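Right, one structure below, let's go through it.
The values are calculated or read from the model by the stated rules, or taken from the named source; none is laboratory data. Computed from a predicted model, the values in this text were never measured in an experiment. We place every Cβ from the backbone using ideal geometry, glycine too, and count neighbours over all the protein chains shown.
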Amino acid sequence: MSETFVPITSPYLAEANRSIARYPYDPRRSEQYMIEAGYAKDRDGFVENASGERFRTDLRVTTGPELGRANRSWWTPGATRDFP
């Protein structure tokens, strides 16, 4: 898993890797942050606010040869629907 959007072919990748903060993958900690922000899991396991609206986020990317190849391998058919 990459910790940056800097392409591996970029001449400044090493500098970016030295300067970025790294955080371990921790779904339980993420869930705690969502609770602290006022969200909770509904009965189906989706995260929602106090009004019952499900949490949604956008993923925006730029295109390029490296990123295009990576994106095709990340997503599966139907990946744009909600997941718990």
Restricting to the range 1-19, count the residues that are in contact with an Asp or Glu (Cβ under 7 Å, 6 or more places away or on another chain) and under 30 Å from Lys41 (Cβ atoms). 0
Of those in the range 1-48 that are among the aliphatic types (A, V, I, L, M), modelled with pLDDT under 90 and in a loop (DSSP other than H, G, I, E, B), the residue surrounded by the fewest Cβ atoms within 10 Å (Cβ to Cβ) is Met1
